[in-house]
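To keep things clear, I will list the structure first and then write my remarks on it.
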Amino acid sequence: MLCHIPAARRGLLLWLLPFLWTLAFGLWGLSRQDSVWRDEAATWQVAGRPAGEIWHMLGNVDAVHGLYYLLMHGLFEAFGASTTTLRLPSVLAVAAAAACVALMGRRLAGFWAGLAGGLALGLLPAVQFYLQEGRPYALVAAGAGLSTLLLVSLLDTGPRRRAWPRWTAYGITVLVCALLNWLSLLILPAHAVTLWWVRAGRGVWLRWAAYGAGAVAGALPLILFSRGQSDQVSWIPPLTWHMLIGPGILLAAGGLCARADRPRRARLSAAAVGLPLLAVPQLGLIGISLVQPLFLDRYVLFSMLGLALLIGAALGAAVRSCAPRFPRARHLLVPGVVGVSALALLPVELGKRAPASRVDDVLAVAGEVARLKRDGDAVLFVPAARRDTALVSPAAFTGLADIALARTPVASGTLKGEEAGPAGISAALLGQRRVLLVTDAAKVAKAPSAERDKAKAAVLRERFTVVEDRQVRGRRVTVYERLG
């Protein structure tokens, strides 16, 4: 029983158990049946470039993810390109975030609240999705957990002469998160609400403002530069009422959990930290999206730490309430609830680890290309972004002529390369006998919008006939032969 374990060991178990629990969840089915979807393919193909070529690309596109790409480049150089190297940083990051939630929960609401909150984080469906994602959002969540833990420690211990090292660490952590994704700066207004809630002193406000402003200033060049690349997010749809259902449910759940903490307004509590951390980034992103559509849950994934903290506080309160009547059973409450929740969410957990959980799989269609191609065949991609299949699996495309490509992605400093004009593509097509078209599966495909893609479709329709057609995991490869 945990009650008989020495205090020092309980402190170790408090954060180690959530860390190992989340790590186990992350390692389970990590390869997703050897599938990689389009967002992760961007990480894969950029991380495989030399550092100088990555820097060249960032001047044209995806500067907002520059630090993450350089980090992944180093890992790919050290450990090789694989789904494990691609996703393990996210697994470790969420595990670290779970440990931070546990330590915060203990400070704010006791041992059981901390343990429950740390174990709950990895079970949240949104977190499970990005737990095994080769993108920077889990790393931002880990940084948000660390910065919030530092703030809690500064508020909880009162004024000290040597508080500046923690304030410095706070500012650096917020800055690094902003360099990974500058929308993570929404954590600063969340922390401001916490300071207002607990009626922080003038000195705390001044230090928070100074170090927070330093982080914003450090990220400002990236923010301004990346705004010039805003075409990258032009596909995000405008905010609609049905998009607010998810955030509304989360905020309602967080509010119910916060009631269990019964905070007094001027007391540092799980509600004072968790509720702003959950609500403010969500509401802030909604507000930004009224000006420019940017509402994607992954941009504020770190707000889920607030929900986990509130869930932990609610379970901690339940343990305290049942202690007088059921002193022995209270030690089983948190493990029991977590275990039952894990079993109840098993369909969700299995679904997140299946290739079908993502819109497509660039590796599966590459295998189909390798089986269908013949020497001398040409290949086309519609839209051009589907060239990521060839960039991630170049061996499958050996011997195929990419007849639309004018400049490679590396030479052009882009993600998908630069293609010739419609007339040039049409002329090149008319000189081919067999063409493999790599595109989206029928369920997710959109009508061609670019003139180049319309030209490709028109020539294939008028001058070629389909001889093979395979659809697999959201992608499609169609083999065309020249009529006559």
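The values are calculated or read from the model by the stated rules, or taken from the named source; none is laboratory data. Note that the structure is a prediction, hence the values are computed from the model and not measured. Ideal geometry is used to build each Cβ from the backbone, glycine not excepted, and the neighbour counts take in all protein chains shown. Side chains included, ligands, DNA and RNA excluded: accessible areas come from the protein's heavy atoms. Shrake-Rupley method; radii C 1.70, N 1.55, O 1.52, S 1.80 Å.
From the phi angles alone, apply the Karplus equation (6.51, -1.76, 1.60; θ = phi - 60°) to segment 179-186 and give each ³J(HN,Hα) in whole Hz, x where the residue is Gly or Pro.
The phi angles translate into 6, 7, 6, 5, 5, 5, 5, 5 Hz.
I'd like the distance separating the alpha-carbon centroids of segment 160-190 and segment 454-484, in whole Å.
52 Å
Any idea of the accessible area per residue across the chain, 1.4 Å probe, to the nearest Å²?
44 Å²
With axes computed from alpha carbons, what is the tilt in degrees of helix 83-109 against the longest principal axis of the chain, rounded to the nearest 10 within 0 to 90?
Once rounded, the angle reads 20 degrees.
At 1.567 mPa s and 4 °C, plugging the Kirkwood radius over alpha-carbon pairs of segment 58-142 into Stokes-Einstein gives what diffusion coefficient in µm²/s?
Translational diffusion coefficient: 93 µm²/s.
Among the aspartates and glutamates, select those whose C-alpha is under 12 Å from the C-alpha of Lys443, and discard any that sit fewer than 8 residues away in the same chain.
Asp360
A 25 angstrom limit on the alpha carbon distance is what I want to check against. Which of Lys352/Lys454; Lys352/Lys456; Lys416/Lys446; Lys373/Lys416 exceed it?
Flagged as over cut-off: Lys352/Lys454; Lys352/Lys456.
For segment 180-250, divide the Cα radius of gyration by the Kirkwood radius and give the resulting Rg/Rh value with two decimals.
Ratio of gyration radius to Kirkwood radius for segment 180-250: 1.09.
On C-alpha positions alone, give me the angle between the axis of helix 270-291 and the longest principal axis of the chain, in degrees, nearest 10.
Long axis of 270-291 versus the principal axis of the chain: about 30 degrees.
Quick query: amide H of Phe464 versus all other amide H atoms, modeled in the peptide plane; which residues come in under 5 Å with a sequence gap of 5 or more or a different chain?
Amide H neighbours of Phe464: Leu483.
Just check the chain against the gyration tensor rule for me: Cα atoms, a ≥ b ≥ c as the square roots of the eigenvalues, rounded for a/c under 1.5, and otherwise prolate or oblate depending on whether a/b exceeds b/c.
Prolate is the answer for the chain, as a/c is 1.5 or above and a/b outweighs b/c.
Where Lys and Arg each count +1 and Asp and Glu each count -1, what net charge lies around Leu430 among other residues with Cβ under 9 Å from its Cβ?
Local net charge: +2.
Relative contact order for the chain: what is it in percent, counting Cα pairs under 8 Å that are at least 6 residues apart?
Relative contact order for the chain comes out at 17 percent.
Within the P(r) computed for segment 1-152, what percentage of the Cα pairs occupies the region above 22 Å?
Tail fraction, whole percent: 46.
Sequence gap at least 6, Cα distance under 8 Å: using those rules, report the relative contact order of segment 150-237 to the nearest whole percent.
34 percent
If a/c stays under 1.5 just call it rounded; otherwise compare a/b with b/c (prolate if a/b is bigger, oblate if not). Do that for segment 266-390, with a ≥ b ≥ c from the square roots of the Cα gyration tensor eigenvalues.
Taking the square roots of the gyration eigenvalues as a ≥ b ≥ c, segment 266-390 is oblate.
For the chain, take the longest principal axis of its alpha carbons; what is the angle in degrees between that and the long axis of helix 38-47, to the nearest 10 within 0 to 90?
The helix 38-47 is inclined about 90 degrees to the chain.
What is the distance in Å between the Cα centres of segment 278-341 and segment 74-133?
Spelled out, the Cα-based centre of one part sits 15 Å from the other.
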